[in-house]
Amino acid sequence: MSRAERRGTRAMLQRLSGDPGRSRGERVVHHGSRALLLALLAALITMLFPPSGTMDVGRYEEGMVAPEDVIARVPFSVPKSPEELTRDRDLAMESVPPTFDFVSEASDGMEARLAGFFESVDAAAAAGDRSGVEAVLRGASVVATPPQVDALLDGPTRRLLRRAAIAAARDIIPLGVLDAGQALNVTTPTVTVRQAETERSVPTDDVVTQREFFERALALLPPSAAPDLSNLLRLILIRHIEFSYVLDVVATELDRDAAARSVPTDKGIVLEGQAIVRAADPITATEVETLNAYEDQLRAEGLLEASGPRLLPLVGAWVVTVVLLSLFGLVLFFFRVEIYAQFRWLLLLALLVAAYFVVAAGIARNGLAPEWLPIAFVALPVGVLWDTRI
């Protein structure tokens, strides 16, 4: 600072000191400069110690040791992750038994189709028309070998096949036979079977699959039956089978959707006052999830400390600080008139207070002991300069 600037500063301080003057303008400048000094000091203190009516959860990672207890200030729930929710919903859907409609007409329908097939074969075989038998087989999409065609031309063998096929339709189909493709939907120990207006649970082991149906049907042939004869019966049954259990896709999907929607989206609830993390305990992945959920809840309720100061709380804190400092200013105005009159003395007091709060903010931010607060740094200069008893 140059000499001229120093003289100008000294002259300004002299004008602001002493008698406030007689005119209103002089008094406004005299008292306004002190009010401005108080407002600036209050603003500095407010910025050093911004208001925080909110809470800060802190950043925790899996594997670190908690430096302090974390206690829930508000109740909250811990949501499941998208992967966990999808997994639980899939498990819930898989636990729902599929619903099958029992088709009581399947047995009669299959028997009638088989009867018509064998009657056509009988008519061609009775006339000794091998090409006629082959035409009937082609019409039924039964691909038979020449030895199998010969078997159909033989009356006793043909009647044996017919009895076994009709018996399979009449005796096994009513037990409940399921298509192999729809059997993939069965993942539960029971299935729901709906017949007319009633429903019943049937053990999965009692449901006859397509493969089991063929095995039971082939067992109706004599043990001495040739393999070609068994294969021919299987081909005939494959082309004429009617399933008595038919999957009701709509009902099954509705039940599974209801089960999926009933799965809770939360994995746990934390009560107010409950400890989330204890000091000196290692933090696990589960506790990290809980802390993140706690932070989300605080943010949702507007209780989480924001990344920067907010205007309204800052203004409110500044007003409170101005009121507190104004009390000290009023003491000077009424009881220490000589100090109030000298602006340089007021400026020195403001600088001492500002230095104290700057150091106090550094101590607070670095987690130092409060004994480091420089109270004597302010008290001793004030006492030495203005207390006549010292």
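The values are calculated or read from the model by the stated rules, or taken from the named source; none is laboratory data. Because the structure is predicted, anything quoted here is derived from the model rather than measured. FYI the Cβ positions are ideal-geometry reconstructions off the backbone, even for glycines, and counts take in every protein chain you see.
Among (1) over 27 Å from Leu312 (Cα atoms); (2) out of contact with any Asp or Glu (no Cβ under 9 Å at 6 or more places or on another chain); (3) small (Gly, Ala, Ser), which single condition is Ala39 missing?
(1)
Considering each of Tyr245, Tyr294 in turn, give the residue that is in contact with a strand residue (DSSP E or B) (Cβ under 8 Å, 6 or more places away or on another chain), hydroxyl-bearing (Ser, Thr, Tyr), closer than 30 Å to Ala168 by Cβ and not assigned by TED's automatic domain parsing to the domain that holds Gln14.
Tyr245
Could you tell me which of the residues Ala72, Ala35, Ala43, Ala39 is at pLDDT 85 or above, under 57 Å from the mean Cα position of the chain (by Cα) and either among the acidic types (Asp, Glu) or closer than 12 Å to Phe343 by Cα (or both)?
It is Ala35.
Of the residues Ser230, Ser201, Ser224, which single one is assigned by TED's automatic domain parsing to the domain that holds Thr99, in contact (Cβ under 8 Å) with a residue 12 or more places away in the chain, over 11 Å from Pro98 (Cβ atoms) and over 52 Å from the mean Cα position of the chain (by Cα)?
Just a single option satisfies the conditions, and that option is Ser230.
Any residue at all in segment 191-201 that's assigned to a helix (DSSP H, G or I) and surrounded by fewer than 18 Cβ atoms within 10 Å (Cβ to Cβ)?
No, every residue in segment 191-201 fails to be assigned to a helix (DSSP H, G or I) and surrounded by fewer than 18 Cβ atoms within 10 Å (Cβ to Cβ).
This table checks each residue for (1) closer than 30 Å to Arg336 by Cα; (2) part of a helix (DSSP H, G or I); (3) of a type in the set (A, V, I, L, M, F, W, C); (4) in contact with a helix residue (DSSP H, G or I) (Cβ under 7 Å, 6 or more places away or on another chain).
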{"residue": "Gly18", "(1), (2), (3), (4)": "yes, no, no, yes"}
{"residue": "Glu26", "(1), (2), (3), (4)": "yes, yes, no, no"}
{"residue": "Gly63", "(1), (2), (3), (4)": "no, no, no, no"}
{"residue": "Arg87", "(1), (2), (3), (4)": "no, yes, no, no"}
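Against the definition (without any contact (Cβ under 8 Å) to a residue 24 or more places away in the chain and surrounded by 14 or more Cβ atoms within 10 Å (Cβ to Cβ)), how does Leu332 come out, yes or no?
Taking the combined requirement at face value, the residue satisfies it.
Tell me, please, whether a residue that is out of contact with any helix residue (DSSP H, G or I) (no Cβ under 6 Å at 6 or more places or on another chain), modelled with pLDDT of 85 or more and under 30 Å from Leu237 (Cα atoms) can be found in segment 90-97.
Yes, the conditions are met somewhere in segment 90-97.
So which of Gly109, Gly139, Gly128, Gly116 is in contact with an Asp or Glu (Cβ under 7 Å, 6 or more places away or on another chain), in the same structural domain as Thr190 (by TED's automatic domain parsing) and small (Gly, Ala, Ser)?
Criteria check complete, one pass: Gly109.
Identify, by number, the condition in (1) modelled with pLDDT of 90 or more; (2) out of contact with any Pro (no Cβ under 7 Å at 6 or more places or on another chain); (3) not hydrophobic (A, V, I, L, M, F, W, C) that Thr252 doesn't meet.
In the conditions (1) modelled with pLDDT of 90 or more; (2) out of contact with any Pro (no Cβ under 7 Å at 6 or more places or on another chain); (3) not hydrophobic (A, V, I, L, M, F, W, C), Thr252 misses (2) alone.
Considering only segment 119-150, state which residues are buried (at least 16 other Cβ atoms within 10 Å of the Cβ) and of a type in the set (Ser, Thr, Tyr).
Of everything in segment 119-150, just one residue is buried (at least 16 other Cβ atoms within 10 Å of the Cβ) and of a type in the set (Ser, Thr, Tyr), namely Ser120.
Is it fair to say Arg239 is surrounded by fewer than 18 Cβ atoms within 10 Å (Cβ to Cβ), in contact (Cβ under 8 Å) with a residue 60 or more places away in the chain and assigned by TED's automatic domain parsing to the domain that holds Ala123?
yes
Going through segment 335-358 one residue at a time, which ones are closer than 13 Å to Ala42 by Cα and in contact (Cβ under 8 Å) with a residue 60 or more places away in the chain?
Ala350, Val353, Ala354, Phe357, Val358
Given Val263, Val250, which one is of a type outside the set (S, T, N, Q), under 30 Å from Ser95 (Cβ atoms) and assigned by TED's automatic domain parsing to the domain that holds Ala115?
Every option except Val250 fails the conditions.
If you scan segment 205-227, which residues turn out to be in a helix (DSSP H, G or I) and buried (at least 17 other Cβ atoms within 10 Å of the Cβ)?
Gln210, Phe213, Phe214, Ala217, Leu218
Is there any pair with a first residue in segment 101-128 that is within 30 Å of Val249 (Cβ to Cβ) and a second that is acidic (Asp, Glu) whose Cβ atoms are under 7 Å apart and which are 6 or more apart or on different chains, and what are they?
The qualifying pairs are Asp101/Asp248; Ala106/Glu242; Gly109/Glu242; Met110/Glu242.
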